[in-house]
Amino acid sequence: MINLKINGISVQAEAGTTLLEAARFYGLEIPTLCHLEGLSPYGACRLCVVEIGEESRSRLASSCTYPAEEGLKVRTASERVIKARKMILELLLASCPQSKVIQDLASKYGIRRQRFRQEHEDCILCGLCVRMCKEQMSAQAIGFHGRGNKRGISTPFDLKSEVCRLCGGCIHVCPACQLRCTYNQPEEAICGGCANISPPCLEKEKFHDMMCYMDPCVACEIKNEK
Amino acid sequence: MIKLKNSQALEELRTELVSRRQMYSAVITICAGTGCRAWGMEKTAEMFTAELRARKLDKQVKLKMTGCHGFCERGPIVVIKPDGIFYQKVKPEDVKEIVSETVLNRRVIERLLYVEPGTGKKITYEKEVPFYSLQQRLILDDNGAIDPNSIDDYIAIGGYCALAKVLSSMAQQEVIEEIKKSGLRGRGGAGFPTGYKWEFCRKAKGDIKYVICNGDEGDPGAYMDRSVLEGNPHSVLEGMLIGAYAIGAQKGFVYVRSEYPLAVRNIGIAIEQARKYGFLGENILGAEFGFNVQVSRGAGAFVCGEETALIASIEGRRGEPKQRPPFPVQKGLWRKPTNINNVETWANIPLIVKKGADWFAQIGTEKSKGTKIFSLVGKINNTGLVEIPMGTSLGQIVYDIGGGIPGGKQFKAVQTGGPSGGCLPREMLNMPVDYEKLAEVGSIMGSGGMIVMDEKTCMVDISKYFLTFLLDESCGKCFTCRKGIQRMLEIVTDISEGRGKLNNINLLKELAQVVKDTTMCGLGQTSPNPVLSALRYFQEEYEEHITKKKCRAGVCKELVSSPCQHTCPLGTEACVYIALISHGRFKEAYDIIAKDNPLPSVCGRVCSHPCETKCRAGDAGEAIAIRALKRFASDYAYKQKYLPPKTTSSYKEAKVAIIGSGPAGLSAAWSLAQKGYQVTVFEALPVAGGMLAVGIPSYRLPKAALNHDIEAVKNSGVTIKTSTRLGRDITIQGLKQDGFKAIFIATGAHRGKHLGIPGESAQGVIDALDFLKDINLGRKVRLGKRVGVIGGGNSAIDAARTALRLNAEVTIIYRRTKAEMPALREEVEGALDEGIKMLFLTAPGRVIAQENEITGLECVKMRLGEFDDSGRRKPAAIPGSETIIPLDTLLVAVGEEPDTSFINEELKNLVAVNKTIVVNPETMATKEPGIFAGGDAVTGPATVIDAIGAGKIAAESICQYLEGSPIAREYSLTRPSVYIDPVEISEEEMLTARRAETKTLPVKDRICSYAEVDLALSKEAAIKEARRCLRCELELLKKDEGKKQSMEKASVN
C-alpha cells in the first residue's frame, strides 16, 4: 500500500491507482469530463487538476493520470485548483453552452458570467467516444484527425465506417452532444430561467427534454407533481 | 574500409590519415550549409572543381565542402587554408581569381574580404572577424574544418577518440560521474542535468534500453541543431555511443524532421560509414558493447519535440504527449527505459570525455556550464549561428557579435526560446545569458533561438504571431491548451484591431496563468510565455493599442491604415498627398498637407520625419522620401504665391493669448483661429518663429520659407506681437485682466545647459544656442580660428556648420560614437562632407585658459561600457588617456532647458524640478484652469513636429475649456480622408525605381554662404518618387468597403 496525504488527511492507496481513484475512494469529489471508469485515463479535459507537492514548489497535475506516490501531498480543492477549474469551466461554457453536464458543473462552481466570444460547438474533444469505441466495443470505428483547433473526431477519411455497429456507445458517454436545453437562447451562455419564481420553461410542452443548470429545478418538480 | 578492432587500430588509422593530408599545399573550404546553399554556393563549388581540374591542381589543392560556418548573413563563405583567408559573398565569377591569386600566390583579394561596418576596416583572416573572434566555438569550429560526409575527416581531427577512451578505460558509472561533474545540462531547453538523467535511465529496471537524439527542431528562426547534424553528424553519433555505453542501451534513434533533407542525408551517410569502420554493430572497438542507430523521420509537427510525443511518433502513433510520470527514463519507447537528449547535448559529450569534466566546468556560469549555440536572426546585421560561453551578456551577443541593428534603427527586444520563450526589453541588455537568469526574467533558453526585434516590431503583433503558430502546432489534446490559446489569440487580435477593452488585459493574464498551470505538456505550459512576457515588459504598448488606438511600431493594420499617417504627430495624410503628387495634382497635395500642418515649408525641410522611419517601402528596400515630397509641394505653393484657403468657422468672441511664436505656439494659434477664436501671439524676440527663426541656421531653413508659413498662419486670422516678453512687458495676471479667457504657454527651451567642468567660465566658451541666435539675428559674434563643438545633437551640428561658414576650423567632440549621435543622419553626413572633423569617444575634462581666455580643452578618451536603459552603451573614461586640444573658441551644445523665470510666485507650482512646465500630457492643461502649455517648455528639447502636435492638442483642449465641456482627448482609428486612385506601374518601373536622392549644393558653394544646402526635387523626380509609394492605406479601404457592403447586405436580408 502507498501512503499519501490528501487535503491533509493521511490515506492509503493500492499501488497503481491514480490520485483521482484514491480521492474518490475517500469520498472527495473531483469533477471530470473525460474520465469514465472502464476506459483508460486520458487527461484531456484538465478539470480534475489537483495541486501536488510541497506548498512552495507545488504544481497542478491531472489527477486522472497521476499515479499515487509514496508521501505525496495532494490538495483537491485549494484556491489555485478552484481558480483553474473555474476558468476551465468558463472556457467550456463559451464553447459548448448548451451541454447540460457543463451547465450543471458551471452552476456548481458558481459561475455567473462568461467573458469569451460565444461559440456553439457540440464537442469538447474529451475522447470518451473514441476510447469507448476502441476499448469497450472493440470497433475502433472513430478516431481523432487534425491538430490544434482543427482537431476533430470522425471515421477514417470521413467515410461511413464498415466496423461501426451503430451501438450508440459513443453517444451514451458524450458529455456535450447529449440532449440539450432547447429553451436556452443561443446567444446567452447560461439560461438561468429556472431560477425565476415562475420558470419560463414551465410553459413549454416537453420540459423533460430540457437542460438547465439547476438540477433538478423547481420547474421540473412542479411539473412532475402535476 | 576495414573494421577497427581496437583503439590501437583507430590511433594508427588517424596517424595515417593526418600524414596523408599533409601532401596538400592548400585547402579550399566552402560552406555547404543550407544557408550558403541558398546563397548559391553549389555553382561556386562547381566552378572551383572545374578550375582546379583545368589547372591540374586537383592533386595539390583540396576542395572541401564543409558544414555550416555560422556566418550565414555573408554566404557563400570560402576559407583558404592554411592561412585561413576569409572570403565572403563569393560568386562563381570570383573563382578564377581566387585560385590564381590566393591559392597559388597567397595574395589577398581585397574586394572579397569582410568589412567591419562600424570602422570600415577590412579583415583578412577568419579568426579575426569579430563575429568569430568573440565567440567560443567548441562545437561549431569543427563544422568548418571537416567534410560531413567523410568519416576520415572526422577521425583525422581526433574523432571517436573519446569513444575509444571510454571503451578502453572507463567503467559505465565512471562515465556518468564525469558527465555529472562537468555540469552539462540539456540543450533542448529545460536544462535538466544530463548526467543525472543518464543515471536514472541506467538505474531503471529493464534489459532493453534506448537512447534517442532529439533533432526535431521546430522553433521559428532556430537552426543550430540542423547545422550540427548537417555539418558534423559524427560528433552526435559519438556522443550517443558514449551515452549508450554508460546507460547500457543497445539501440538508438535519431529523430529528425523531414524538412531537414540535408541533415537526414548526412546523418544517414554518417551511420553507414560508422558501421563500416565498426563504430556501430557488435563488439565495438573490441569491447563487449554493441550498439546500432536508426534514423527516424518526423513529419514536422512542433509538438513532437516534446519527448513523450516524440516517442509516440517513433512508435508510429499520433504525435501526442502523455502525462508524466512515468518519465521516459522509466517507461519510454515501447515502455522501456529511454534516454532522450538534444542534438547539441550529444555533440558536447565527446568534448567533455576528451578534455575532461574539469575543463568543461570552468566555462560558463555557476549553474550553467559550457557553451551554447544561439541562432541569431531577425533585425540583426550578422544573421547566423553564434556559440558563446554561458553568461555572455545579451548586449554582447546583439551588438558585438551580431553587429547591431540594420539601418541604424533602435533595438526593441530580443525573443529567446522560440514560441515558448519570452521577449526581453533593452533594459536586459546587460543580463548574462544562462538558464537561471532567463527563467528569472520570464523567458527560457529553449533550444537557442534568438530573434532580435527593432522599433518597427509591434509587441501585440508578435504575441499574435506566436499564438497563431502555437494554435496551429498544439496537438489539441488538452482542452486548456487548445481553447486557451485560441481565446488568448482572440483577445490579442481584438486588441490589435482596435476592439480591445482595458479589462481584456486582466482577463488575458488570468487565462494565461491557468493555461500555464493546467496543461499537460511543455508546449502548453509555456505557450502563454510570449503573452506574459510581452505584458510584463510592454504592457504600456498594449494599453496604447486599447485606449489610444495607437500602434507605435506602425504594424497593426486595422489601427494604422498607413504607417506614415499613423506615426505623424499631426496625422498628416502623407499617403494621400504622395498619391496626389504622383498624379501631378500639386495644389491639392499642398492643401492636404496644409489641412493638418500649419508649417509645411518648415516641416518639408527640418522635420525629423518619423514617417520615413516607419515607411513600409523601407522594409525591403528604401523608404519613400516623404519629407522631400512635402518640400516639393510647399515649394510649389510658394512659387505660385498660393496660401491655403481660409477655413474659419463661425466667429467666436473669446480671446486667447499664446506666449511664444515657435512651432507649438504657431500651431495652437492657427488651430484656434480656424475655430473662430480671437488669437494673439506674444513673442519676446524681434522676429516671429521662435527656435525656427533663431535656432536653425538659414542654410537648413531659409527665412523666406519660414515666413511663407508664418504668413499663412497670420492669414488664418492670428495677430503676432513681437518684442513682447512675458514677465517684462506682460504678465499672466495682466493678460487675464485684458480679457484673455485662455493662455497657452509655449516659450520653448532656450537656455543651454552647462558642461560642469573646471574653467568653463573662461572667455571664448560660448553656448551654442546663443551663438546660433546671434548669427540668425544678424548680431556680431567673436569667433576664433580653431573652434571646438561639444555635443552630438542637431544643435551641435548646426553650430559647427555655422562656425565653418565663418571660416573657422571646426572639430566636434562627442563622448559616444557616430552611431549613437542623436542628430539627424543627413546632418551628420553633411557636416562630414563639409570637412568638419569629429572626435568620437572623447569627453571634455577641463577648459585650459590663459588670463581667462580659452587656449585649449583637455579631453579624455572614452570607451563604451555597459548598456543603459535607453539601450545605448554608457561611455566610461579611460584613465591616463588625457590629451589637450588647442582651441580658440568652444561652443557648448549639450542640451537645453526651458527658461521659466517669468513664472511668478502665484504659478510656481506649475514648474517641475527640471524647469519644465507640468501639464497633463493628454490635454496639455496645467493645474491652473485656463492655462495650458506645450512644446519644448513642457518636454525639454524635442522635435519640431512634436511641438506642432502639442500645439494642436492644446488648441483642442482650449476649445473644450472655452465651450465649458470637460477637457478630454478623443482617439479614433487612423484613416485617410479621401480616396485617390492608384497609379499604374509597369513591372520594369517597379524593379528599377530607386529612392530619389536629395541633391545638395557643392561643398565649395556651401561653406562661403548661408545658401540652402538641400536642393528641391524636380517635378519629374517628385512624380517618379511618389509613384514608388506602396499605398498601404488602400488595402484597408478595400477591406472596410467589403465590411460595409456585407453589413448593408445583412440589413437588407
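Things worth noting here:
- Reported to the nearest whole Å, the Cα centre-to-centre distance from region A:38-64 to region B:461-525 is 21.
- FRET efficiency, A:R113 to B:Y465 (Cβ-Cβ, R0 30 Å, nearest 0.05): 0.50
- For region B:857-905: rounded, prolate or oblate by the Cα gyration tensor [a/c cutoff 1.5]: oblate
- Percent antiparallel among DSSP beta bridges (both partners in chain B, rounded to 5): 45 percent
- Pairs from B:K3/B:K205; B:K703/B:K999; B:K367/B:K509 whose Cα-Cα separation, in the structure shown, is over 23 Å: B:K3/B:K205; B:K367/B:K509
- Positive minus negative residues near B:S368 (Lys, Arg vs Asp, Glu; Cβ under 9 Å): +2
- Region B:712-745-region B:782-861 distance, computed between alpha-carbon centres (Å): 38 Å
- Region B:158-361: relative contact order in percent, alpha carbon pairs under 8 Å with at least 6 residues between: 32 percent
- Think of the protein assembly as shown as a dipole: +1 on every Lys or Arg Cβ, -1 on every Asp or Glu Cβ, centred on the Cα centre; then among B:V129, B:T842, B:H566, B:V129 lies furthest on the positive end.
- Distance between the pseudo-spin-label points of B:S723 and A:Y26 (7 Å out from Cα toward the beta carbon): 9.5 nm.
- Per-residue ellipticity at 222 nm, computed for the protein assembly as shown from helices alone with -39500 (n - 2.57) per DSSP H run of at least four residues, works out to -10500 deg cm²/dmol.
- Gained length - B:A819 relative to B:N283, 0.36 nm times residue gap less alpha-carbon distance: 186.8 nm
- Gyration tensor verdict on the protein assembly as shown (Cα atoms; rounded if a/c is under 1.5, prolate if a/b is larger than b/c, oblate otherwise): oblate
- Ordering B:M924, B:M520, B:M453 from the fewest to the most neighbouring beta carbons within 10 Å gives B:M453, B:M520, B:M924.
- When the charge dipole of the protein assembly as shown is built from unit charges on Cβ atoms (+1 for Lys and Arg, -1 for Asp and Glu) and taken about the Cα centre, the candidate among B:V514, B:V78, A:L60 whose Cα reaches farthest toward its positive end is B:V78.
- When +1 charges are put on Lys and Arg Cβ atoms and -1 charges on Asp and Glu Cβ atoms, the dipole computed for region B:924-1053 relative to its Cα centre reaches about 160 debye.
- The C-alpha atoms of chain B define a longest principal axis, and helix B:586-596 lies at about 90 degrees to it.
- Assigned charges on the beta-carbon of Lys, Arg, Asp, Glu; the protein assembly as shown dipole about Cα centre (debye): 740 debye
- Region B:771-811: C-alpha gyration tensor shape, a/c 1.5 cut-off, then a/b vs b/c: oblate
- Options B:G484, B:I745, B:Y814, ranked by Cα towards positive dipole end of the protein assembly as shown, top entry (Cβ charges): B:G484
- Annotation: lysines with alpha-carbon distance below 24 angstrom to B:K56 (same-chain offsets under eight excluded): B:K43, B:K64, B:K81, B:K91, B:K96.
- Of B:K736/B:K908; B:K630/B:K952; B:K639/B:K1024; B:K251/B:K516; A:K86/B:K437; B:K369/B:K456, those spanning more than 25 Å from alpha-carbon to alpha-carbon: B:K251/B:K516; A:K86/B:K437; B:K369/B:K456
- DSSP-assigned coil residues among GluC sites (Glu not before Pro) in region B:400-482, each with at most 14 further Cβ atoms within 10 Å: none
- Distance from region B:33-71 to region B:210-253 (C-alpha centre basis), Å: 27 Å
- Paramagnetic reach from A:K86 (point 7 Å along Cα→Cβ, amide N under 16 Å) across region A:99-118: A:105-116
- Magnitude of the charge dipole for region B:371-560, about its Cα centre and with charges confined to Cβ atoms of Lys, Arg (+1) and Asp, Glu (-1), is about 420 debye.
- Those chymotrypsin sites (Phe, Trp or Tyr not before Pro) in region B:276-384 that DSSP places in a loop and that have at most 10 other beta carbons within 10 Å: none
- Aspartates and glutamates with Cα under 12 Å of A:K100, excluding same-chain neighbours fewer than 8 positions away: A:D122, A:D209, A:D215
- Note: relative contact order over chain B, using C-alpha pairs below 8 Å and six or more positions apart, is 9 percent.
- The residues neighbouring B:I884, those whose beta-carbon lies less than 15 Å from its own, together hold a net charge of 0 under the Lys/Arg +1, Asp/Glu -1 convention.
- Pairs exceeding a 32 Å alpha-carbon distance, out of B:K412/B:K915; B:K89/B:K1019; B:K59/B:K165: B:K89/B:K1019; B:K59/B:K165.
- Applying 0.36 nm per residue to the separation of B:N149 and B:K56 and subtracting their alpha-carbon distance, the gain on full extension is 31.0 nm.
- Cross-link reach list, lysines versus B:K861, counting only Cα pairs under 17 Å and skipping chain neighbours closer than eight places: B:K818, B:K837, B:K874
- Stretch gain in nm, segment B:Y971-B:A942, where the contour uses 0.36 nm per residue and the Cα spacing is subtracted: 8.1 nm
Throughout, read-outs are computed from the coordinates displayed, never taken from laboratory work. Everything numeric in this text was worked out from a predicted model, so none of it was measured. When we count neighbours, we look across all protein chains shown, and the Cβ atoms used for this are built from the backbone with ideal geometry, even at glycine.
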